[in-house]
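Here the structure is laid out as structure tokens; the discussion comes afterwards.
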Amino acid sequence: MKRFYIEKAGEFVGKEVTIKGWLYNKRDSGKVKFLLLRDGTGIMQAVMVKGEVENGVFECFNSLTQESSLIVTGKVREDKRSPGGYELSIKGIEIVQLAQSYPITPKEHGVGFLMDYRHLWLRSKRQHAIMRIRAEIIQACQDYLNTNGFTLIDAPIFTPSACEGTTTLFGVDYFGKKAYLTQSGQLYNEAAAMAFGKVYCFGPAFRAEKAKTRRHLTEFWQVEPEMAYARLEETIEVCEELLLFILKRVLERRREELKRLERDISFLEGIRPPFPRISYDEALQILKERGIELEWGEDFGAPHETALSQKFDTPFFVHRYPAQCKAFYMKRDGEAPHLALCVDGLAPEGYGEIIGGGEREDDLETLKERLEEYNLPEEAFQWYLDLRRFGSVPHAGFGLGIERTVAWICGLSHVREAIPFPRMLDRIRP
RNA sequence: UCCCCGGUAGCUCAAUGGUAGAGCGGGUGGCUGUUAACCACUAGGUUGGCGGUUCGAGUCCGUCCCGGGGAGCCA
């Protein structure tokens, strides 16, 4: 017989099953006692009435504490009075461990307290829903890329040098030498793209930014596709397809979780392509119309991104930023060399940037000049320059931030809930 | 790093410079359908640390620590 899981309770009506799980909560009314059991897939109410179960089983109810681990057997029934519509009539209870007094109660708590107990907080309904959606989004990224000709080529976590300047890197001791935790797999992705054509890497990135906002983690995950011979417009197409694929997948498979988070599902369902593509110059114009002045050449700050993302009901792309505010490897626009052939993908509803990417500089001499302009040591980038010496081609790619995407799709107010164990300025525990 | 707000029972929060309190959680008892159940009783405090003002400080001042919100930068 199939193993029973609470989320599949409907397939077991009338059958006797075993739930291996934990006590989420309990209630009683004298001779009727209710256990709310969770097994990792969902929560199900179990009930027992005095006289209808063995006395020992009935009496053990009083000793049960929140989050005690239990193995409960009984028969599955449909019952409208039960949350979820299905209920277990208890036959037997085996106590695996009686939990000590559990710190997280069914009442309200502050974020600081909950973050201190992140290892336990993950058991709560809301966090459970977020993590299942996160897993679905990650799988959707991989499914989309794997079925569209991309090969997964992992990039290293230890790196000998910076790819976007050294100020935001975490340094580590590497057998007496200085190494850094990667802030992006991109440079290695470019090498991989020259070998495999279309590639992607998926993994954590580390940025030692002293940023204390709802959108920053010092350790975050990203998926980074890179494509040989791709230009900016094609890259934006891939960004759009990937986002649509993710949305469709989550709406198909994680609808219950979205409901639990009280996400506005109809908003997500209403998202249709094509997503607007606006240039940096057009974005400045939009901001101006809204009374927000920004000098040309300045990068967008949080208020600018928020204002822009409130204008659209879908994700949208801002392309061709001033080259001066972008990284050294960005290719310049041949027709307007003061612009970089780059793109940011922004989520609507005030969420802002979730994607950053663009074309990479493919000319050896130009790239050498850039390294000098940006004060980067050329010798550390010899391997990277090799990619321009041996069969250089136009190429482009982008990075999609997982936590920011999760935060947007789930409607979270802070990315810290979008990752199991967030690492932030001033928080590295648990 | 800067600006703003906060730190009181396990948790969420009250308390004019004058006797530290409530709800939840814990414990005990009651209730045959509960839905963050309900009812009764009960235990629980160095008011973040240090220093100062005052007859008297949870409350005012200084400083440090911790948390929350925001900014610069970014996925």
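The values are calculated or read from the model by the stated rules, or taken from the named source; none is laboratory data. Everything quoted here is computed from the prediction, not taken from an experiment. Using ideal geometry, Cβ is built from the backbone for each residue, glycine included, and neighbour counts are taken over all protein chains shown. Heavy atoms of the whole protein, side chains included, go into the accessibility calculation; ligands, DNA and RNA do not. Shrake-Rupley method; radii C 1.70, N 1.55, O 1.52, S 1.80 Å.
Summary of values
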item: Matching entry among A:Met194, A:Met227 (being touching an Asp or Glu at 6+ places or on another chain (Cβ under 9 Å) and closer than 30 Å to A:Arg388 by Cβ); result: A:Met227
item: Conditions (1) open to solvent by 50 Å² or more (accessible area, probe 1.4 Å); (2) under 29 Å from A:Leu187 (Cα atoms); (3) not hydrophobic (A, V, I, L, M, F, W, C): number failed by A:Tyr280; result: (1)
item: Residue identified as farther than 26 Å from A:Met131 by Cα and among the small types (Gly, Ala, Ser) among A:Ser82, A:Ser63; result: A:Ser63
item: Residue within the range A:67-78 that is loosely packed, with under 13 Cβ neighbours inside 10 Å and either at pLDDT 90 or above or in contact with a Gly (Cβ under 6 Å, 6 or more places away or on another chain) (or both) present; result: yes
item: Matching residues in the range A:1-44 - criterion: being open to solvent by 70 Å² or more (accessible area, probe 1.4 Å) and more than 16 Å from RNA strand B (Cβ to nearest atom); result: A:Met1, A:Lys2, A:Arg3, A:Tyr5, A:Glu7, A:Lys8, A:Glu11, A:Lys15, A:Glu16, A:Lys20
item: Selection count where residues are of a type in the set (A, V, I, L, M) and without any contact (Cβ under 8 Å) to a residue 24 or more places away in the chain, scope the range A:299-354; result: 4
item: Looking only at the range A:86-112, and only at residues there that are open to solvent by 70 Å² or more (accessible area, probe 1.4 Å) and within 12 Å of RNA strand B (Cβ to nearest atom), the one that is modelled with the highest pLDDT; result: A:Leu98
item: Segments classed as strands (runs of 3 or more DSSP E), wholly inside the range A:118-218, with at least 3 members that are closer than 20 Å to A:Arg360 by Cα and within 15 Å of RNA strand B (Cβ to nearest atom); result: A:198-206
item: A:Pro83 in contact (Cβ under 8 Å) with a residue 60 or more places away in the chain, near RNA strand B (Cβ under 8 Å from one of its atoms) and surrounded by fewer than 14 Cβ atoms within 10 Å (Cβ to Cβ); result: no
item: Members of the range A:310-332 found to be open to solvent by less than 30 Å² (accessible area, probe 1.4 Å), at pLDDT 90 or above and out of contact with any helix residue (DSSP H, G or I) (no Cβ under 8 Å at 6 or more places or on another chain), listed by number; result: A:Thr314
item: Single match in A:Val47, A:Val53, A:Val57 (criterion: of a type in the set (Val, Ile, Thr), surrounded by 14 or more Cβ atoms within 10 Å (Cβ to Cβ), more than 9 Å from RNA strand B (Cβ to nearest atom) and not in a helix (DSSP H, G or I)); result: A:Val53
item: Unmet requirement for A:Met115, which otherwise passes all of (1) open to solvent by less than 20 Å² (accessible area, probe 1.4 Å); (2) of a type outside the set (Phe, Trp, Tyr); (3) under 30 Å from A:Cys239 (Cα atoms); (4) out of contact with any Cys (no Cβ under 7 Å at 6 or more places or on another chain); result: (3)
item: Residue that is without any contact (Cβ under 8 Å) to a residue 40 or more places away in the chain and of a type in the set (Asp, Glu), where the choices are A:Glu293, A:Glu209; result: A:Glu293
item: Which numbered condition A:Gly112 misses (of (1) within 20 Å of the chain's Cα centre (by Cα); (2) more than 23 Å from A:Thr405 (Cβ to Cβ)); result: (1)
item: Selection within the range A:374-430 - near RNA strand B (Cβ under 9 Å from one of its atoms), surrounded by 13 or more Cβ atoms within 10 Å (Cβ to Cβ) and more than 14 Å from the chain's Cα centre (by Cα); result: A:Phe398, A:Met424, A:Leu425, A:Arg427
item: Output for the range A:256-288, where each listed residue is assigned to a helix (DSSP H, G or I) and among the charged types (D, E, K, R); result: A:Glu256, A:Glu257, A:Lys259, A:Arg260, A:Glu269, A:Asp281, A:Glu282, A:Lys288
item: Count of residues meeting criterion [open to solvent by less than 100 Å² (accessible area, probe 1.4 Å) and in a helix (DSSP H, G or I)] in the range A:245-255; result: 7
